[in-house]
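Please treat every number below as a calculation from the coordinates, not as lab data. Because the structure is predicted, anything quoted here is derived from the model rather than measured. Cβ atoms come from the backbone with ideal geometry, glycine included; neighbour counts cover every protein chain shown.
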Amino acid sequence: MLRELLIIMNVLLLGLIVGLWSARMTADMPALAGTVQAGAWRAWPRAGVADALPYAHLRHYLDDALPPSPGDRLELVAETDDDGRPLSGRCAYRLSGAMLPVRNWILAVHDPERREHPLAALQAADALYRPDGTLHILLDPHFQTGNWLQTPRRATYRLVLHLFGISPLQRDRILGAGLLRITRVDCS
C-alpha cells in the first residue's frame, strides 16, 4: 500500500514538473504566445485583452510584469540587433529612425537577470530630435554626447520600448511600420 502511494506521488510530481517545463517552453514560442516581430523588436499586442492567448499572459508574468493595457500602451522588447546578434555590453549600437506618433515613449536598458528596475532610460521629453524629426540614440558603456543610454559592460542586455497613448486602431499600423533600427557600430 505504501509502495503504491509513493509511486502515485512520484508520477504526480513528475507530471507537475513536465507540465511547468512545457508551459515555460511554450511561452517562448512566438506563434503560441501571440508574439509579433517587427525587425529586432518583439511585441505581445493582445496580451492585455480578455481573449488573449494564455501563453501571452504567461510571457509577461515570467518577466515579473503585468500585461500592458490594450487601450493605452504597447511594450516592445529587443534582445538582438537588426542582424540577429545579441545585444552586448562589449559593443556600441545606434538606434535610428522616426519615432512613431504616440503621446509619450520611454526606451529603457534592462539586465535580463534583474528585471525590477531599468539600468538606464530615455523618454520623449528628454530626447534630442534631428530637424527631419528622426532620432539617433547611442547605446554604449562609455559616455557619449547627444541621445545616449549607458549599457552594462561585458554583459548582455535587452531594450524595452514603452509606447503610450496608442489607440487599438493604431496598434497594427505601428507594428507594421518601421521601428527604430538597431545597428552595431563597433565592438571592443
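Each Lys or Arg adds one and each Asp or Glu takes one away; over the other residues whose Cβ falls under 14 Å from the Cβ of Asp81, this sums to +2.
A Förster radius of 25 Å, combined with the Cβ-Cβ distance separating Gln123 from Gln150, puts the computed FRET efficiency at roughly 0.95.
Relative protection proxy for 96-109, 121-134, from highest mean packing down: 96-109, 121-134 (other beta-carbon atoms within 10 angstrom).
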